[in-house]
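Colleague: Dropping a structure here in structure tokens format, bear with me for questions.
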Amino acid sequence: MCPWTKMREQGGVMSLHTFQKIIPYLRLTKSVDFTGGGEPLTNPDLLYMIEQAKSASCEVGFSTNCVRLLPDVSKKLIELGLDWISFSVDAATPEKYERIRQGAKFETITTNIVALRDLKRTLNRQEPRMMMVFVALGGESDVRNYHELPDYIDMANELGIEQVIIKNLDVILKEEDDHRRLFQHEGGTPLEVEGIIQAAERRAKEVGIKLRRYRLQPQEQAVCDHNPINSLFINWEGWVSPCITHAYAEERLFAGEWQHPVCQRFGSIHKATLESIWELPEYRDFRRKFILRRQAEKHLLMNTLLNNDPNNKLALPEAPSGCESCYYLYGI
């Protein structure tokens, strides 16, 4: 189900030479997420990269499938002061997990998570904060997994997880994945699905796990979670984009229709400074559209509060090209 493999048929890992171009800007950076379009732990220089980012006082984390999260790696991550780590685990049972995450073994990834949990306790460390991400799937029974959510919360609690995120299949590059998405463009959420998610929410509250669930009906946001006003994405080759989707996605399904947005790559850090790329007129214009959308949202909120009119409708300025067909903009 992972979309990035199709987007990155010629993909690779970021070289140390490319990362050296980024190091001077880490001191200007609040937070670094080392997750790209693949598995961060396949990069042999990841620990060095984390060390450099932590030395620059950045908050640092990444998402992993846990296959390579061996105890010696976990110990080094704790020693480096990694702030958070997110585990991609989409089921509470071995059978379902191994059908979805083909090539991985449920026992391997849970053993690796437990090893990190126990190392934190042994070393009396609170970090890295441990999260698990569950991509909720519908469609055919062999991958449909949302019914496992309440048990998933119990599993997360046993593994020492502090937060669970229920995510959607939000970048859709294959028609079969369009049938697997759980969210709906029209109509409400099926009562069965909503009931199961609410049961998971209640269970999370009981055991003290923070739970975040994404929307199951698209609703346009002023700015997406990636917040390209204040953040950017640098791919493994050094190309600078507003986010990972703009770095790769040239064809995707949105609301049942094929879309063909143009990738937004504003420059390479091998050919220009990051400052000069950030200040390019076309990049400034991209961010300005989101700034105007955020201003419109604040204006509506003020009018609603001052006039006590809950029926005020939000009229947002146009989003940057390519964003209008991206599910991230709709809270999915």
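Colleague: Filter segment 90-122 down to residues that are closer than 22 Å to residue 209 by Cα and outside any helix (DSSP H, G or I), then give me how many there are.
Modeller: 4
Colleague: Shifting gears a bit: Given (1) outside any loop (DSSP other than H, G, I, E, B); (2) touching a residue at least 40 places away in the same chain (Cβ under 8 Å), where does residue 222 come up short, assuming only one miss?
Modeller: All conditions are met except number (1).
Colleague: Which residue is nearest to residue 135 (Cα to Cα), if the candidates are limited to segment 198-213 and must be out of contact with any Pro (no Cβ under 9 Å at 6 or more places or on another chain) and either of a type outside the set (A, V, I, L, M, F, W, C) or touching a residue at least 60 places away in the same chain (Cβ under 8 Å) (or both)?
Modeller: The residue in question is 213.
Colleague: Looking at segment 77-98, is at least one residue more than 30 Å from residue 137 (Cβ to Cβ), open to solvent by 30 Å² or more (accessible area, probe 1.4 Å) and at pLDDT 95 or above?
Modeller: yes
Colleague: Right, another one. Return yes when residue 208 is over 23 Å from residue 88 (Cβ atoms), of a type outside the set (A, V, I, L, M, F, W, C) and out of contact with any Asp or Glu (no Cβ under 8 Å at 6 or more places or on another chain) and no when it is not.
Modeller: no
Colleague: How many residues does segment 229-241 contain that are in a loop (DSSP other than H, G, I, E, B), within 14 Å of the chain's Cα centre (by Cα) and within 21 Å of residue 332 (Cβ to Cβ)?
Modeller: Looking only at that region, the number is 1.
Colleague: Among the numbered criteria (1) modelled with pLDDT of 95 or more; (2) in a loop (DSSP other than H, G, I, E, B); (3) surrounded by 12 or more Cβ atoms within 10 Å (Cβ to Cβ), which single criterion is violated by residue 199?
Modeller: Residue 199 satisfies all of (1) modelled with pLDDT of 95 or more; (2) in a loop (DSSP other than H, G, I, E, B); (3) surrounded by 12 or more Cβ atoms within 10 Å (Cβ to Cβ) except (2).
Colleague: Counting only residues that are surrounded by fewer than 20 Cβ atoms within 10 Å (Cβ to Cβ) and touching a residue at least 12 places away in the same chain (Cβ under 8 Å), how many does segment 245-261 have?
Modeller: The qualifying residues number 8.
Colleague: When residues of segment 244-295 are filtered for being touching a helix residue (DSSP H, G or I) at 6+ places or on another chain (Cβ under 8 Å), polar (S, T, N, Q) and part of a loop (DSSP other than H, G, I, E, B), how many remain?
Modeller: 1
Colleague: Could you tell me how many of the residues in segment 131-147 are touching a Gly at 6+ places or on another chain (Cβ under 6 Å) and either crowded, with 19+ Cβ neighbours inside 10 Å or more than 16 Å from residue 168 (Cβ to Cβ) (or both)?
Modeller: Total satisfying the criteria: 0.
Colleague: Of 164, 133, 171, which residue is among the hydrophobic types (A, V, I, L, M, F, W, C) and either modelled with pLDDT under 95 or more than 30 Å from residue 79 (Cα to Cα) (or both)?
Modeller: Answer to the selection: 171.
Colleague: Related question: Select from segment 148-196 the residues that are of a type in the set (A, V, I, L, M, F, W, C), under 25 Å from residue 110 (Cβ atoms) and surrounded by fewer than 20 Cβ atoms within 10 Å (Cβ to Cβ) and list them in ascending order.
Modeller: 155, 159, 165, 196
Colleague: Write out, first by first residue and then by second, each pair whose Cβ atoms fall under 9 Å of each other, whose residues are 6+ apart or on separate chains, and whose first residue, in segment 39-51, is acidic (Asp, Glu) and at pLDDT 95 or above while the second is part of a helix (DSSP H, G or I) and open to solvent by 30 Å² or more (accessible area, probe 1.4 Å).
Modeller: Qualifying pairs under 9 Å: 45/16; 51/80.
The values are calculated or read from the model by the stated rules, or taken from the named source; none is laboratory data. Quick caveat, the model's predicted, so the values are computed rather than measured. Methodologically, a virtual Cβ is constructed for each residue, glycine included, from the backbone with ideal geometry; neighbour enumeration extends over all protein chains shown. In case anyone asks, the SASA skips ligands and DNA or RNA and just uses the protein heavy atoms, side chains included. Shrake-Rupley method; radii C 1.70, N 1.55, O 1.52, S 1.80 Å.
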